[in-house]
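Asks: Below are the structure tokens for one structure; questions will follow.
The values are calculated or read from the model by the stated rules, or taken from the named source; none is laboratory data. What you see is a predicted model, and the numbers here were worked out from it, not measured in a lab. Positions of Cβ are generated from backbone atoms using ideal geometry, with glycine treated the same way; all protein chains shown enter the neighbour counts. When the accessible area is computed, the model is the full protein with side chains, heavy atoms only, and any ligands, DNA or RNA have been set aside. Shrake-Rupley method; radii C 1.70, N 1.55, O 1.52, S 1.80 Å.
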Amino acid sequence: MSTSTTHQAETTPGIKGTTAMATKTFDVDGPAYSVTMSRSGKIAVSLTGCQISIYDSEGVYLLTFPTVVVTKKERWETTFISPHDVSYGSMHNDDISVVGGNNVSHYVVMYDRAGNFKIGFAIPRVSAPRRIALDRMSKRAFVTETDGHRGQVNVFRMNGMLKQKFGRRQGLVHPTGITVDNEDRILVADSYTAYIYVYRDNGQFLFKFPGKGSNEGQLNLPIDIGTDSSRNIIVADSGNRRVELFTSRGELIRYIATDVDPLGIAVGPDGQLVLIEKSKKKVTILMNY
């Protein structure tokens, strides 16, 4: 495995925004599919080949581990799964949660900071990739599901018990991004409807915004979502090739980046925004966006 290459802070050509900003980029071993950043500044990237790679906040390579589920039937068995999404909880232990699967089932799995399997459970397999987010205490996993033309969020306890599901009444179709803010509001990006749906901690619907289009403040194929310490909402808008910043009420503040092909974003503890783009073998860190 090659080690990552970290470049000095610079304004990266091809990523434009309303103002110039310092960026760092580093290479990863294959196309990146999802990204998350912990409160301690660790960056986890899901890659091809059933693996997660971990980097520090400067993009320096730390470790890679396989995404496996350990089950006990007649004997201990190890099953490799392809990760759909990866998420750090908001606690400081740097445990890493993954949702993914194989041709038989989907799984929710948690690993420790060294990549060792801790817990995991099977959930029904569906055709579309799933996304995952944890509540602030890492006691519940919010997992998206798309079945045909109907989407929803499933709420699991970490023992695998399905506690709740919501989203269909509000018209979720194809949820492609999910996050939990610092007040435990649940935010879901739906790539089909081009809405961001906002829910209370208990699944009660609050509001949605802004609808499909290419005009200022509109979205077209929102593919991922994050929030910062001020509860501002950041959306990776794939169809409009931009990353957009909204208030906690869904009002556009500004564009963070344009002329990009975003696939995933993650918000760091010190005001960073981590960005991965489709089919690219690199990660970009936008410093103090």
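Asks: In this structure, does His149 turn out to be closer than 21 Å to Ile196 by Cβ and out of contact with any Lys or Arg (no Cβ under 9 Å at 6 or more places or on another chain)?
Replies: yes
Asks: With the condition kept exactly as written, say whether any residue in the stretch 4-14 is at pLDDT 95 or above, surrounded by fewer than 19 Cβ atoms within 10 Å (Cβ to Cβ) and farther than 24 Å from Met110 by Cα. Lay out the reasoning, then the answer.
Replies: Residues of the stretch 4-14 that are at pLDDT 95 or above, as a first pass: none.
Looking through the stretch 4-14, none of the residues is at pLDDT 95 or above, surrounded by fewer than 19 Cβ atoms within 10 Å (Cβ to Cβ) and farther than 24 Å from Met110 by Cα.
Asks: Here is a further query. For a quick check of your reading of the model, give me the residue pairs whose first member lies in the stretch 112-141 and is within 12 Å of Arg157 (Cβ to Cβ), whose second is of a type in the set (A, V, I, L, M, F, W, C) and surrounded by fewer than 16 Cβ atoms within 10 Å (Cβ to Cβ), with beta-carbon atoms closer than 8 Å and at least 6 apart or on different chains.
Replies: Filtered contacts from the stretch 112-141: Met137/Met91; Ser138/Met91.
Asks: When the stretch 18-59 is examined, which residues are found to be open to solvent by less than 40 Å² (accessible area, probe 1.4 Å) and aromatic (Phe, Trp, Tyr)?
Replies: Phe26, Tyr55
Asks: Under the condition of being more than 20 Å from Val108 (Cα to Cα) and of a type in the set (Gly, Ala, Ser), which residue from the stretch 18-75 is modelled with the lowest pLDDT? Outline the logic, then answer.
Replies: So the first thing to find is which residues in the stretch 18-75 are more than 20 Å from Val108 (Cα to Cα), and the list is 18-31, 39-42, 55-63, 74-75.
Imposing the further condition that a residue be of a type in the set (Gly, Ala, Ser) reduces the set to 20, 22, 30, 40-41, 57, 59.
On the way: Ala20: 58, Ala22: 87, Gly30: 91, Ser40: 93, Gly41: 94, Ser57: 94, Gly59: 95.
The selected residue is Ala20.
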